[in-house]
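The values are calculated or read from the model by the stated rules, or taken from the named source; none is laboratory data. Owing to the predicted nature of the structure, the values given are computational and were not obtained by experimental measurement. Virtual Cβ from ideal backbone geometry, glycine too; neighbours counted across all protein chains shown. All accessible areas refer to the heavy atoms of the entire protein, side chains included, with ligands and DNA or RNA removed. Shrake-Rupley method; radii C 1.70, N 1.55, O 1.52, S 1.80 Å.
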Amino acid sequence: MAISSQGYTFNVGSQVEAGAFPVTVLTKGNAIGGIFIMVFAVFWSGAALFIGQGFFEGELPYRVLPFAFIIPGIGLAFFGLYAALLRIETTLDGHQVTIRKRTWFTTRTAVLPLSDYPGVLRKRVTYNRNKRTHTAWIAALPHDDKTKRVVLGSSSDEAEGRKLAENYARWLNIPALESTVDGFEARAPEDVDRPLAELAAQGK
């Protein structure tokens, strides 16, 4: 099931193979989970309507009380539908990025030059699953527009997350990025394997 955290959407543990272009990244929602949520939402709203039907004949504000339970049920149904239909297909050809995103019943396509992305960002994100909070390290192409961000790979291991970001930076020939308070700290593709002390000595 696709995870959304801090503006990035990805499948946990997925990694793009850095090989010959073009390469396609596929991120999908969870059809079974979405349907389960929708069924639960229908039962929730139906039960609220059945139990609260007597309130509709009462005085205000009791007349609107059932809607406090029905409206969340409707919201759950829409969320389940979104999760079931979500599909993001991203194609990289070494020069541009093509993003096809299906939400609800429409598909939107965006084509951007690779130069629109400042580099490959290694980022720590958290997500909830099975009532527990988990941590993942993602290698992503960041963008000010959240709908145009691309996650190339993810790992639960910090060192592997760094390696992913560096490998993808070399593959795409763009900088490897680290988040800082002021924005991004960038290393050129030819510098990703060089020790930090050596880069610092050269003013990089």
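Here are some notes:
- Nearby lysines by direct alpha-carbon distance to residue 146 (threshold 25 angstrom, same-chain neighbours under 8 apart not counted): 28, 101, 123, 163
- DSSP loop GluC sites (Glu not before Pro) with at most 10 other Cβ within 10 Å: longest gap in the chain: 60-204
- Helix-only [θ]222 nm of the chain, DSSP H runs n ≥ 4, -39500 (n - 2.57) each, per residue, nearest 500: -10000 deg cm²/dmol
- Longest exposed-site-free window of the chain, the sites being chymotrypsin sites (Phe, Trp or Tyr not before Pro) in a DSSP loop that have at most 10 other C-beta atoms within 10 Å: 1-103
- Within a Gaussian network of the chain (alpha carbon springs, distance under 10 Å), most fluctuating of 27, 103, 126: 126
- Base-10 log of normalised Debye intensity for the chain (one unit scatterer per alpha-carbon) at q = 0.13, 0.19 Å⁻¹: -0.78, -1.31
- Max mean-square fluctuation residue, GNM over the chain, Cα-Cα springs under 10 Å, options 80, 46, 153: 46
- Take the chain with all the other protein chains still there, run a 1.4 Å probe, and you get 60 Å² of accessible area per residue.
- Among 47, 188, 77, the residue with the largest mean-square fluctuation in a Gaussian network model of the chain, with springs joining Cα atoms closer than 10 Å, is 47.
- Accessible surface of the chain [probe 1.4 Å, protein heavy atoms]: carbon and sulfur percent: 58
- Projecting the Cα atoms of 169, 80, 155 onto the charge dipole of the range 63-174 (Cβ charges, centred on the Cα centre) puts 80 farthest toward the positive pole.
- Looking at the chain, the DSSP beta bridges with both ends there are about 95 percent antiparallel.
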